[in-house]
Structure formats: structure tokens, C-alpha cells
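I have placed the structure first, in the form of C-alpha cells, so that the comments after it can refer back to it.
Throughout, read-outs are computed from the coordinates displayed, never taken from laboratory work. This structure is a prediction, so every number in the text was calculated from the model and none was measured. Methodologically, a virtual Cβ is constructed for each residue, glycine included, from the backbone with ideal geometry; neighbour enumeration extends over all protein chains shown.
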Amino acid sequence: MSRIEIDYAKCVKDRICIRACPYRLFLDSGDGSPILHENAGELCIECGHCLAVCPVGAISLNGVAQESLKERAPSLDPSPESVEQLFTFRRAIRAYKTKPVERELLARLVEITRYAPTAVNGQSVHWTIVDSKDELRRLTGLVAAFMRENNIMPMVAEAWDNGVDLLLRDAPALAVAHAATTALTPQIDCAVAVATLELAAAANGLGACWAGSIAGAAQASAAVRELLQLPEDHNVYASLMLGYPKFQYNWRPERIPARITWV
Ligand SMILES: Cc1cc2nc3c(=O)[nH]c(=O)nc-3n(C[C@H](O)[C@H](O)[C@H](O)COP(=O)(O)O)c2cc1C
């Protein structure tokens, strides 16, 4: 049950909240002054758009008023060119320096992912971050064993036996996104969060690479689940290696042209 409050002393009847609410929970009383839908408390998904968009701070949600929200700094907006460079020069990094990644930096990057979109604002994503060298090696060994037992890409386990890590590439950190299987779209929410983390990492001088093998192993192996401290009703849906890149990519490899159907 959400608590939406309108301060009519501040409201300027601009109808912005009426248009911005995804579920149209603000109704026009006729003169632009909003009144709440009778089931607003139950229907609200707490996306906060109403108080984030109101130019005069007339709305509060669950006791949180606009003045306590972080305000956008237009001077920090990236240029279209810098966004294009960040997005298109991001590469999957598979060679890392041994230098550990500071926990403070990892926590700051995960903070950014909290604002990534999730279905119906479900915010289903949880993280396990493995940054202990010993635990990363133990995890890699467990995943390699799982792959060997299930005849998945046998050369990966073979390489591991020969001291070559094709799974986690000796990365100093692994961020594992997991969610309750009962969430509306756990796989999509986790994938979006990991894609966001990857770009945030690149913007902060880190390299990253998706680790596709963790999810399957975590679903099947009790030892992997235990290492990742997964709640019983959670699955891993996406994982990302993180570390300082050993090499710099100064050229952008080509990709196939966009396939667009304009209708
Ligand atoms: C869902 C997903 C799973 C991936 N799994 C792995 C993986 O297990 N190991 C790996 O080295 N790269 C993995 N990648 C990275 C892709 O191989 C990489 O994104 C692709 O080759 C394109 O390279 P780029 O990211 O540098 O553009 C994965 C990427 C995605 C999106």
C-alpha cells in the first residue's frame, strides 16, 4: 500500500502528474487540480515519476518529498558523442591486471544499476560480488567441474586443468545478478542491470565481460549456490567479470549493419 500525498497549496494545476503517472492514478478534477484514483494506494508501483517530474514539489510518496531527492545537474549531462563513444568502444575484456578492484568502486557501480529499468518497477535484482581470489578460484573450479560432468564445452575444463582460466579469465572480481524465480521478469531485469553495470564500469576505467557459464552452473550445483550464498528461491540470471584491463582497445571492430524494419 503506497501513500501518495498532494500539497494543494503548492500545486499549480499544470496536469503534469496526470500525464506522467504510468497508471493514470492522478485524475483531473476539471481545473487541472489532481485528485487520486480511489485505488491509487494499491495500484501505485512506486516509480516516483509523479514527484520527480512535478516542477513545484507538490507531491510526496510514502513520506518522501521532492526536496529530499537528488537533483539532476545539467552540467553533467554527457554529450551525444561521448555516449556513442562509451557505448560503442565498450569491449568484452578478457585480460585483467592483477590489481584488485576497490570495493568502494564496485559498490558505487552497483548503486548506478539501482536506477536501471525493471518490469513494473519490480527492482528484482540482487547481487553477489565475489572478490576474494581464493573464492574466485574455488568458483571457477566448481563451474569447470560442472561443465565437465555435463559435457558442456569440454575444452574449458581441460584448459582449467592446465592452469588456463577460460571461465573467469583470472578477473579480480565477479558480479553475479540473481533474483527470485517468482519475480515478473527476473532474467530481463538481471540482464539489463548487468548491461548497465558493464557500461558504468567502462566509464570508470574498468574492464568487464559477461560470464555466461555461471547461471547454468548455479542452477544445477548446490556447491555453486552455496558459494554464491543464493537464497533458495533465487536463480542467477547474469554475471559480469570486472577488473582493470591489461590492454587498451583503440579501434572499434565492425559489427553487422542494423536490421530495421520501418513501419
Ligand atoms: C549473455 C552473454 C553471455 C556471454 N558470455 C560470455 C562468456 O561466458 N565468456 C566470454 O568470454 N564472453 C562472454 N560474453 C561476451 C561476448 O562474447 C561478447 O560480448 C561478444 O563477443 C562481442 O564482443 P564485445 O562485447 O567486445 O563487443 C557474453 C555476452 C553476453 C551478452
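The string of couplings for the stretch 176-192 from the Karplus curve (6.51, -1.76, 1.60, θ = phi - 60°) is 10, 9, 10, 7, 5, 5, 7, 4, 5, 9, x, 5, 5, 4, 5, 5, 5 Hz, one whole number per residue in order, with x for Gly and Pro. With contacts taken as Cα pairs under 8 Å at a separation of at least 6 residues, the chain carries a relative contact order of 20 percent.
Ignoring lysines fewer than eight residues from residue 13 along the same chain, none have Cα atoms less than 21 angstrom from its Cα.
The charge dipole of the stretch 80-243, taken about its Cα centre with unit charges on the Cβ atoms of Lys, Arg (+1), Asp and Glu (-1) only, comes to about 280 debye. Residue ranges 205-211, 217-223, 63-69 sort as 205-211, 217-223, 63-69 when ordered by packing (mean number of other C-beta atoms within 10 Å per residue, highest first). Placing pseudo-labels 7 Å out from each Cα toward the beta carbon at residue 64 and residue 39 gives an inter-label distance of 2.5 nm. Here, the stretch 4-68 has an Rg and a Dmax of 10.5, 30 Å when only alpha carbons are counted.
The string of couplings for the stretch 228-233 from the Karplus curve (6.51, -1.76, 1.60, θ = phi - 60°) is 7, 6, 7, x, 4, 8 Hz, one whole number per residue in order, with x for Gly and Pro. For the chain, the 222 nm mean residue ellipticity estimated from helices alone, with every DSSP H stretch of n ≥ 4 adding -39500 (n - 2.57) and the total spread over all residues, rounds to -10000 deg cm²/dmol.
Scanning residues 5 or more positions from residue 207 or on other chains, those with amide H under 5 Å from its amide H are 243, 244, with H placed 1.01 Å from N in the peptide plane. The slack in the chain from residue 87 to residue 155, taken as 0.36 nm per residue of separation less the alpha-carbon distance, amounts to 21.3 nm. Between residue 246 and residue 112, the contour length at 0.36 nm per residue exceeds the alpha carbon distance by 45.8 nm.
Taking all pairs of different Cα atoms in the stretch 69-150, averaging 1/r and flipping that mean, what Kirkwood radius in angstroms comes out? For the stretch 69-150, the Kirkwood estimate is 17.0 Å. Say the cut-off is 27 Å between C-alpha atoms; which of 133/246; 70/97; 10/70 go over it? Those over the limit are 70/97.
Per residue, what volume in Å³ does the Cα convex hull of the chain take up? Don't skip to the answer; put the middle values down first.
Values: hull volume 50.6 nm³, N = 263.
Spelled out: Cα convex hull of the chain, divided by residues, is 192 Å³.
Taking amide H positions as modeled 1.01 Å from N, with prolines and chain starts lacking one, the residues under 5 Å from residue 4 and 5 or more places away or on another chain are 62.
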